[in-house]
Each structure stands twice: as C-alpha cells, then as structure tokens.
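As structure tokens, the structure follows; a few thoughts come after it.
The values are calculated or read from the model by the stated rules, or taken from the named source; none is laboratory data. Small disclaimer: the values here were computed from a predicted structure and weren't measured. Backbone-built Cβ (ideal geometry, glycine too); neighbour counts: all protein chains shown.
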Amino acid sequence: MRAMLLLIASCFVWQQATASNRQWYTLTIDGKRVGYAWHDHDSQTDSEVTRVDVEELRQRVTVGTHVDVIRSSSGLPQRIYAESGTGLARDHWQGTFSADARTITATNSMSAEAQTFSVAPDLVLPDRLIEVLGPLWRHERHEIDFQYLDDTVGLPVRMHAEQLSSPDPRVTAIQLRAVVGTSIHNEVISLGEGGQVIHRERKFYGATLVWDRCLSDCDSRINDPFDVMSRLVVQSPYRIPKSAFAGPIRYILSRVDGAAPQIPPTGEQSVVVDGSSAILTVCTMCGVAEQLTESERRRYLQPNAWVQSDLPEIKSFANRHGQGQTQNEIMNSLVNAVRNHMSGPVDYLGYASAAEALRRRSGDCTEFAVLLAALARARDIPARVAYGLVYADRFSGKKDVFSPHEWVQVWTGERWKSYDAGIGEFDATHLALSLGDGDPRGVQTGFATPADLRIETLGRVH
C-alpha cells in the first residue's frame, strides 16, 4: 500500500536544538498537534528535520525527514543528503557534486550501484527554493516554472509555482505543483514580507499536514498520535460475504472532489466512466484484452532499485522455490514461498525493497508484492505491480473496509494475471487503481490517496 504514499516524506533524526538561527514549526492535522519540524540555514549548510508521531497497529512510531544541502564557500553545491525512515527502519540517498557542479553522483540505500547524471545549470536545490520564489512573494510575477531537485525521490522534477489569493496582504500564499514521473504532487507554502516561511500545507497519508511557526515548547511530547490507517481505508457500503468473492462484482466509484476517477482497465477489470463516476466490473476474466509491447516487456523484466531481480540471493530463492512445469505452477509456488518466508511482524509504513524484504522477512503487502515481482522476473516472467484496494483486514486491522493494497500481475502470453502473496489469492474485491514496475516514484493514480475515493455502491453480477 505504501507506494502511493512514499512521496510523503517519512523519517526522523534525533538532534538537539543548538543553532541560534533555527526556525521551529508545529505540525498539526485537523487542528491537533502531531509533530514538529525545524530548519537551519547559513552560508554553506542548509538542514531541515521533520518528526510526526503516528499510530501503527495500536503502537506509536515516528515518521519524518532529514535533508542537508552543503555548499562551498563560493556557493557551488557539494553534497545533498536525504534520509527517511519509520521507527528504526531508515532509507537514504546521497548526491555528491563534481567540483564544477556540472554532474552529480547519486547513491541510495536501495542499491549498491552509484549513478552519475548531468546537472542542468538552472536546477534548483531545496536550500534555494525560497530564493527562486522571490519574484512571487515580491509580487513581481504571478507564476514561474523551474527544474527542482526533489529531495524525497532524488530526481529532478518540473515545478510550477503560482500565487494564490491571501486574506492578509502581508502574506503571499504560493501553490507548488511538481510532476514526479507520471504523478502530480501539490503543496501550499505561505511566505511573509521578507520571504520567511510562516505556513505550509502538504498531503500526509490521506490528511493535510499543516506547518505553523512555533516559538516555545516546539519539541514537547505528542499526546495524541495520528491514526494513519483511519484516513486510508475506504468504507464498504455493504458487508461482502465470502461467497461473493469469486465475482463478478460491479462497483460504482466517485471522487470526493467531483472529478471522474481515472482507473486503468485490465484483463481482470472493465472500466466505464459515466460522468463523475467510474463503473468497475471485476473478476478473473471480466476485463479487456491487453497487448504487451516490446518496451513493456523490457520494463517488466528488468530490475530496478526496489525490484532487484538480478541479485544472486533473489535468483537463488526463485530457482529453489519456483517449482512447476507451467508458468501458473511456478507462480503459485512462488506465492506460497513468499507467504511462508514473510513470517515477521506487519509494518505498513515506509517502502522496503525486495532484497530487504527477503532479508528482514517482514513488512506489509508492499514487501510481499515487490518480492514476488522480483522472483517472477528472476524466472524470466514479466511482472508488474498493481496498486489499489482490497476488501480485507490483513494489513489494515479494519473491518468491512477496502484497504490500500499491492499485488502482482504477470504476463501469461495472452493476458495479465494477478497473484497476491499478501492476501493469498486474487478475488473480485481487488480494485486496481494504478499499475507500475515497483518503483513508487512513478506511480500514477487518478486521486491523491484512497481517502479521496468513495464506493457509492457495489453488487454481485449474475
């Protein structure tokens, strides 16, 4: 479920407030304090840390971010470091610039290989964002576009910044709109007359996380952590009996903002858009005929930072456990192997890779899916990851709801067929809302989070 949420920053770093110029912020959701953030800036170093306390399966854990940008005395960027994590689990990436700042060599905890990229002369780093927004808060321009190095994904993104109306003439509200892969992410930032950040709003697991300036007791204990899953499940209008799971089941979906949901048709679900609603019919053979292009074949066979199908340990596991004469037999064997191997505790925050899932033996549907996809690709079976909803409480702990979920679809030679290592099997309560290669940075959904969807009605089709 977490791929749809990864671009929300999620980590923490324990540091004490020692900088005299530190700016503190209180973080709230629905008016309740859930965490804090601070920002330091001097001529050569820019640092920002966030911390949010959340409730995960009735346990308190911490989510947040830590980003450093270091420059030379002449102002050229030297290094950028971004760390993310949940509880004790952390991921990070680091970019080291060449002496002339024309290239950057990036490494991350997901992959041992470093990659070097050219740096566009006009690429904006996080520490210079407010400077670039100067024409807006000085009211010289109404909107601007620029290339921005997004610290949450370690990639350059297209950023559009536009002034919003503000009731206070001393405050300039700006909407930032970033295109990351095929996804679009929005944030609102409010600046004072001198360009100082006084207010921010961004999406956080289906809610709006609000930043406001803080002057005292900014890092005091949080009494009421944020219940993440309460915002991510979609209420079912009816209790679905197990006898109906084989389908077909027809759903009518809508979005809370009134726009029509953008949902992909697959070989297992047909989609008809009717005004502001989408009508889905789901069963093993309810969908449309799909074709596999050569570029898609390459994409869904090759490894990436999350689906590391080329690693020796992944290949070894796939060869040992992928028993059978047919593709279906091999996939069912791999599903059972993943379910038996992933015997550790459920953890639905963060996003671990297939290699980490294999080593840690724990996680949620995300880890089950990326591991199964990696094993399938290791056996030369094209595999993609489906991101959506399922009527189950296996990973959410909630009853009679559709929970965020991920599973795997493999190409049979004629169509894409679903295999679900997290739940155990595919059924007609699986609603695929987006498809991808396991890399969460490019996930496209026709909504911000599942919380933006409504299931108006559903019923068995006879």
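Going residue by residue through the range 11-26, is there one that turns out to be modelled with pLDDT of 50 or more and either surrounded by 21 or more Cβ atoms within 10 Å (Cβ to Cβ) or in the same structural domain as Gly436 (by TED's automatic domain parsing) (or both)? Quick ask: steps written out before the conclusion?
To start, the set of residues in the range 11-26 that are modelled with pLDDT of 50 or more comprises 20-26.
Now narrow it down to the ones that are either surrounded by 21 or more Cβ atoms within 10 Å (Cβ to Cβ) or in the same structural domain as Gly436 (by TED's automatic domain parsing) (or both): 25.
Yes, the range 11-26 has at least one match.
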Inset, instruction - Could you tell me whether Leu253 is surrounded by 19 or more Cβ atoms within 10 Å (Cβ to Cβ) and either outside the structural domain of Val34 (by TED's automatic domain parsing) or touching a residue at least 40 places away in the same chain (Cβ under 8 Å) (or both)? - result: yes
Inset, instruction - Give just the number: which of (1) modelled with pLDDT under 95; (2) of a type in the set (Asp, Glu); (3) more than 24 Å from Leu431 (Cβ to Cβ) does Glu313 not satisfy? - result: (1)
Inset, instruction - Answer yes or no as to whether Leu389 is in contact with a strand residue (DSSP E or B) (Cβ under 6 Å, 6 or more places away or on another chain), crowded, with 22+ Cβ neighbours inside 10 Å, assigned to a helix (DSSP H, G or I) and not polar (S, T, N, Q). - result: no
Inset, instruction - Can you give me the number of residues within the range 203-218 that are surrounded by fewer than 18 Cβ atoms within 10 Å (Cβ to Cβ) and either among the β-branched types (Val, Ile, Thr) or modelled with pLDDT under 90 (or both)? - result: 1
Inset, instruction - For residues that are touching an Asp or Glu at 6+ places or on another chain (Cβ under 9 Å) and exposed (fewer than 13 other Cβ atoms within 10 Å of the Cβ), tally how many sit in the range 277-296. - result: 2
Legend entry - the range 412-432: number of residues that are of a type outside the set (D, E, K, R) and closer than 13 Å to Glu268 by Cβ: 10
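Table: residues versus (1) surrounded by fewer than 17 Cβ atoms within 10 Å (Cβ to Cβ); (2) of a type in the set (Asp, Glu); (3) touching a Gly at 6+ places or on another chain (Cβ under 8 Å); (4) not in a helix (DSSP H, G or I).
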{"residue": "Ala120", "(1), (2), (3), (4)": "yes, no, no, yes"}
{"residue": "Asp127", "(1), (2), (3), (4)": "no, yes, no, no"}
{"residue": "Pro135", "(1), (2), (3), (4)": "yes, no, no, no"}
{"residue": "Tyr148", "(1), (2), (3), (4)": "no, no, no, yes"}
{"residue": "Thr152", "(1), (2), (3), (4)": "no, no, no, yes"}
{"residue": "Met159", "(1), (2), (3), (4)": "no, no, no, yes"}
{"residue": "Ser166", "(1), (2), (3), (4)": "yes, no, no, yes"}
{"residue": "Arg170", "(1), (2), (3), (4)": "yes, no, yes, yes"}
{"residue": "Leu176", "(1), (2), (3), (4)": "no, no, no, yes"}
Inset, instruction - Kindly indicate the residue of the range 349-386 that is touching an Asp or Glu at 6+ places or on another chain (Cβ under 8 Å) and in a loop (DSSP other than H, G, I, E, B) and also farthest from Ile263 (Cα to Cα) among those meeting that condition. - result: Ser362
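Quick one: which residue in His199, His185, His139 is in contact with a Leu (Cβ under 8 Å, 6 or more places away or on another chain) and of a type outside the set (Ser, Thr, Tyr)?
Numbers: His199 fails: in contact with a Leu (Cβ under 8 Å, 6 or more places away or on another chain); His139 fails: in contact with a Leu (Cβ under 8 Å, 6 or more places away or on another chain).
On inspection, the qualifying residue turns out to be His185.
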